[in-house]
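What follows is one structure encoded as structure tokens, with my remarks underneath.
Taken together, the values in this text are just the output of simple stated rules run on the coordinates, not laboratory data. Computed from a predicted structure; not experimentally measured. Counting neighbours? That spans all protein chains shown, and the Cβs are built from the backbone with ideal geometry, glycine included.
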Amino acid sequence: KSHNKSIEHYFSTIGEKADEIGLSKEKIKKDFLQKLFYQLGRVPAVTTSNDLYTALALTVRDRVLRQFVRSTEEFSKKNSRGIAYFSAEYLPGPHLGNNLLNLEIVDETREALKELDLELDEIIEQEVEPGLGNGGLGRLASCYMDSLATLGIPAIGYGIRYEFGIFKQEIKEGWQSEATDKWLHYGNPWEVIRPEVSYVVKFGGRTIHSTNENNKYAVEWEPESEVVGTAYDTPVLGYQSNGIIMRLWKAEATESFDFSVYNMGDYYKAVEKKVRSENITKVLYPNDENLSGKELRLRQQYFFVSCSLQDMIRLNFVQGRKLEEFHEKFAIQLNDTHPSIAVAELMRLLVDEHEMEWKQAWKITRNTFAYTNHTLLPEALEKWSVSLMGRLLPRHLEIIYEINSRFLHELREKGLSGEQIARMSLIDEHGEPSVRMAHLATVGSFRVNGVSQLHSRLLKTQVLNDFAEIWPDKFTNVTNGVAHRRFLAVSNPGLSRLITEKIGNGWLTDLTTLKRLEKFADDEIFQKQWMEVKLENKKLLSQLLEERAGVKIDPTMLFDVQVKRIHEYKRQHLMLLHILDLYLKIKDGKGENIAPSAFIFAGKAAPGYFMAKLIIRLVTAVADLVNNDKDVNKILKVAFLPNFSVKQAQRVYPAADLSEQISMAGKEASGTGNMKFALNGALTIGTLDGANVEIREEVGEENFFLFGQTTEEVQETRRLGYRPSKYYEEQEDLERVLDFLVSGELGNGDHELFRPLYNNLLQQDPYQLLKDFKSYCERKHEIHQIWKDQKEWTRRSILNVSRVGKFSSDRSILEYCQNIWNVEPVKLRD
Ligand code: B1H
């Protein structure tokens, strides 16, 4: 194909200019109607809401694609290093509203639809989001896509097109129940299928080592089965026009292989094989920081990594480059270890398929990959048993052994002790031998980073300490950030308008300009406007909570919110213990200092994680108790909002007064919800964990409600032999609350329902809730007093917003560019 004709040229042949992308109301209206007629066969008078949504989405997609095509052209002229983000998860959230903002056509579109008697917000409401991730890690990948596009960095996000994303959470009789997420049911107008961009991926079988005709040692992999991966592209638009793509792979059967070679004549068996191949991309593992260790999961990881690397090697050749320059052309960011088998796969492609010398291939590999670690939790550090890996990826296991033997040799030469060498080995020999994926990723990368200052320090001094000692320069930090355009501009239009009125709209591209709001923190008129916006947002959330949780909440209450995956380390149950403490105090007639509060929870529990599900059951039990008690429900309300998602999140953050970030110190790698809350004017109660530390530094310690032990104190407590029952015995309030759990007053008279939680807290309490309970309650008490002074609260809220400019993902991506990828962002145009 010829690549020398510009986009300008093609547009001129149809009498258009390339930069005229149809942003006027008239053109939008015309295109919308045309989509409705010609793509969907409808007129506005007889349509379903999905037709309207689809027609509008297609109208917008045209404009997004046009920007994407232009960006691609300009990127290829610049010929700079491209970034491939490898992530098993993405959580883009609804596309429509965000794309309208980025194209700057919200008003034009609203008007165009109004002329057709249609309401933009109702249409936006129709969108079903792709839930292709579990939580923070997947959402971070999508925030980074947004910033990569906005900053004009040639980048591509590779991942998996799961047919079923994260399960849909329903609450049945107080328990979480899971339903499949059929996000593709109504079609997906945002993706473009690329049937011809497809690659074969092999599995199983054996390897054959030989010396070929040129006397060269060669390895051939004779697989047991093959599947094909096909690319599905979703354009991701940055603010004011640049576009990149998220390329997700879907698995299909290879016709030739499965139908002719093995199943000659057996049509049904062949179809069965086809079904089995397609299983690979059927469903997202909903575990979040809890490994499944399942073969299918490793298949998924290898499948998407292999397709992506083959795609990049193809692109490298298409652009007329030599394979020897691969690492100059590309950097690959590994989003945790989930794609880390890529280290072995790139080696295999270079050495086996492209006949490169090991040493050179290793140099290229080590200069291509960079690895981001997202967790220190031992149960989340990926390990694959050697036997499973040998069965599924025999050649990769050999390559990993080869990498390991060279690496261990290096360590021996450095004079490291046998013990240290065993600790660093890519193979864990304790019990059933397994491959330590974090070690593979660390050895195979030129940079390793954590996701907050604290987490990066702990990574260096604890989990990967041995590696940091031999390669101090390899380790760095990039504190997470969030897509502030989505989480402020799109989701909180009221506050955005107010901010822009005061300081202009420069914050859209440079969040640090929010600093200019600081001087209005004491301005009474501004404070009043600020409170009005918050109240409006709280009314909207109240409506949602009434609809979805069946709880009526007075919007003037203090909205005290914890939304995130349910995990013991995040300590949702600490908040519940405190709510019960307040409940009992009110029942005793001692509630006079309690500010009327609505406690709002949301989040999914991994389907097999019993304690997490029991915590959800406890939320709903406490909600039942509190909301139905006439002595209490004027002062306290509790609600669990089911099925937390990006879409829901966008309605929750703008309405929060207080953000709960109460994990045990040292456990939450960063957190990103904490940033979204603060950006929307919530004050934070939190521990010194993850990015909380940096948020507190930015907003000022007087504007942050700190409690609990530090990481060092947590470790010291454990070292001294933590005995949680001591706190039960010493603190009457705590004793009363814990006993209440098993009193039968919760959960319809069932004494035993919460016994596992009770026993766990009294006997082990691995996340030291009991130790932190007192300081948490004291801080809450203080919060309730400050809340009563609405001016003071609002002043602090304004200060919070004006000082969180650091937490834009634009800043994070710029740091990746400078400290890791060595690329310059190119602002393509205004
Ligand atoms: C985070 C995960 C994670 N860390 C395994 N690790 C998964 C691990 O399906 N799995 O196997 C899924 C997810 N997720 C989160 O990453 C951290 O807990 C947050 O603190 C952090 O903000 C986020 C983004 O860095």
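Descriptive notes on the structure:
- In summary, the aspartates and glutamates within cross-link reach of LYS538, defined as a Cα separation below 13 angstrom excluding same-chain residues under 8 places away, comprise GLU546, ASP554, ASP560, ASP657.
- Extension gain, PHE317 to TYR569, is 86.0 nm, computed as 0.36 nm per intervening residue step minus the present C-alpha separation.
- Inter-part distance, segment 274-334 to segment 94-168, computed on C-alpha centroids, equals 24 Å.
- Inter-centroid distance (Cα atoms) of segment 778-799 relative to segment 610-665, Å: 20 Å
- Modelled spin-label separation between HIS9 and ILE786, with each label point placed 7 Å from Cα along the Cα-to-Cβ direction: 6.3 nm.
- For segment 476-613, relative contact order (Cα pairs under 8 Å, six or more residues apart, normalised by length) works out to 19 percent.
- Over the C-alpha trace of segment 1-95, radius of gyration and Dmax come out as 17.1, 50 angstrom.
- Under 13 Å, Cβ to Cβ, from LEU397 - net charge with Lys/Arg +1 and Asp/Glu -1: +1
- Helical segments meeting 27 Å axial Cα length and Kyte-Doolittle 1.0 threshold in the chain (DSSP H): none
- Euclidean distance between Cα centres, segment 55-74 to segment 447-471, Å: 41 Å
- Cα gyration tensor category, rounded, prolate or oblate, for segment 551-807 with a/c compared to 1.5: rounded
- Calculated Rg and Dmax of the chain using C-alpha coordinates, Å: 27.5, 91
- Remark: the chain carries a charge dipole of roughly 980 debye about the Cα centre, counting +1 on each Lys and Arg Cβ and -1 on each Asp and Glu Cβ.
- Summary value for segment 551-807: 21 percent relative contact order, contacts being C-alpha pairs under 8 angstrom separated by 6+ residues.
- All other residues whose Cβ lies under 12 angstrom from that of SER387 are scored, Lys and Arg at +1 and Asp and Glu at -1, for a net of -1.
- Ellipticity at 222 nm from helices only: DSSP H runs of n ≥ 4 in the chain, each -39500 (n - 2.57), divided by the residue count, give -13500 deg cm²/dmol.
- Reachable lysines, given that their alpha-carbon falls under 20 Å from the alpha-carbon of LYS27 and they are not under 8 places away in the same chain: LYS17, LYS35, LYS114
- Selection of GluC sites (Glu not before Pro), segment 712-782, meeting DSSP coil and at most 13 other Cβ within 10 Å: GLU752
- Loop-resident sites, segment 122-225, for trypsin sites (Lys or Arg not before Pro), counting at most 12 other Cβ within 10 Å (DSSP): LYS182, LYS216
- Restraint check, LYS515/LYS604; LYS613/LYS647; LYS667/LYS780; LYS182/LYS676; LYS78/LYS202; LYS519/LYS788, Cα-Cα greater than 25 Å: LYS515/LYS604; LYS182/LYS676; LYS78/LYS202
- D_trans [Stokes-Einstein, Kirkwood Rh over alpha-carbon pairs] for segment 642-713, 25 °C, 0.890 mPa s, µm² s⁻¹: 197 µm²/s
- Using a cut-off of 31 Å between Cα atoms, the listed pairs LYS282/LYS474; LYS294/LYS637; LYS5/LYS329; LYS329/LYS359; LYS172/LYS726 include LYS282/LYS474; LYS294/LYS637; LYS172/LYS726 as exceeding that distance.
- Total formal charge among the other residues, if their Cβ is under 11 angstrom from that of HIS354, Lys/Arg +1 and Asp/Glu -1: -3
- Cα convex hull of segment 558-631 - mean projected area over all directions, nm²: 4.9 nm²
- From least to most packed, judged by other beta carbons within 10 angstrom and beginning with the fewest, HIS430, HIS338 follow the order HIS430, HIS338.
- The relative contact order of the chain, computed from alpha carbon pairs under 8 Å that lie at least 6 residues apart in sequence, is 13 percent.
- Relative packing of peptides 656-662, 452-458 - highest average C-beta neighbours within 10 Å first: 656-662, 452-458
- Compactness of segment 429-568 - radius of gyration and Dmax, Cα, Å: 22.7, 67
- All aspartates and glutamates inside 16 Å of LYS274 as judged from Cα atoms, apart from same-chain residues fewer than 8 positions distant: GLU163, GLU224, GLU226, GLU252, GLU255, ASP258, ASP266
- For segment 627-746, the Kirkwood hydrodynamic radius from C-alpha pairs, put into Stokes-Einstein at 20 °C and a viscosity of 1.002 mPa s, yields a diffusion coefficient of 126 µm² per second.
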